[in-house]
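Please read the structure below before turning to the comments.
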Amino acid sequence: MRPVTESAIRSSFVNCTKGEAKRLAVPKDLAERPWADLDFLGWRDPSARERAYLVAESDDGLVGVALRVAPQTQRVRRSMCSLCLTTHTGPGVSLMTARKAGRNGQQGNSVGAYLCTDLACSLYLRGKKDAGPGGRLHESLTLAEKVGRTMANLAGFLHKVVE
């Protein structure tokens, strides 16, 4: 992913108002992010742990999505991220929901997916972050193929938000 600015991030959100986008917590360390290793930018709001954000590049420019993180009701032994297919034990995967864009979102419609709780899918794919015991299943796919699959999964999720 190419480096992005706070202004570009704020203007990319498709499922919240301009006022909400203006108030959301953008990471302070954008200059230090490992952009060359990121396929998308994802982060949790440090002051409101039930909020998360995801910004990805698309053919139409940046697409940002505000997410709600469901509370963890029980500890599961192992769960898998629906984007990168990394498995985690305990609270490493969370159900995250996104209000749909436009009229559907105004009517309360949303879509959800089980995602890496820290939204660090790109780093898990590249072995830059350890997912713990059994985190990455052995696959014969190349890194490029894994990234392609992850981005296809992300594009499918974002399409559901925007449609």
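Derivation of every value follows stated rules applied to the coordinates shown; laboratory data play no part. Computed from a predicted model, the values in this text were never measured in an experiment. Glycine gets a Cβ as well: all are built from the backbone with ideal geometry, and neighbour counts include every protein chain shown.
Okay, here's what the table says:
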read-out: Proxy reagent accessibility, fewest Cβ within 10 Å first, across Asp45, Asp130; value: Asp130, Asp45
read-out: 0 to 90° range, to nearest 10: angle between helix 143-162 axis and the chain longest Cα axis; value: 30 degrees
read-out: MRE, 222 nm, helices only [DSSP H, n ≥ 4, -39500 (n - 2.57), over the chain, to nearest 500]; value: -7000 deg cm²/dmol
read-out: In the stretch 79-129, trypsin sites (Lys or Arg not before Pro) in a DSSP loop with at most 14 other beta-carbon atoms within 10 Å; value: Lys128
read-out: Part-to-part distance (alpha-carbon centres) for the stretch 1-15 and the stretch 80-94, which is given in Å; value: 25 Å
read-out: Potential extension, Lys18-His159 segment - 0.36 nm per residue separation minus Cα distance; value: 48.7 nm
read-out: Total lysine pairs whose alpha carbons fall under 26 Å of each other in the stretch 75-163 (8 or more apart, or interchain); value: 4
read-out: Extension gain from Arg78 to Glu139, taking 0.36 nm per residue of separation minus the Cα-Cα distance; value: 20.1 nm
read-out: Taking the C-alpha atoms of the stretch 47-157, convex hull volume expressed per residue in Å³; value: 119 Å³
read-out: Residue order, fewest to most beta carbons within 10 Å, for His138, His159, His88; value: His138, His159, His88
read-out: Residues of type aspartates and glutamates that Lys18 reaches as a straight line, Cα spacing below 16 Å, ignoring anything fewer than 8 places off in the same chain; value: Glu6
read-out: Fewest-first sequence of Lys146, Lys18 by Cβ atoms within 10 Å of each Cβ; value: Lys18, Lys146
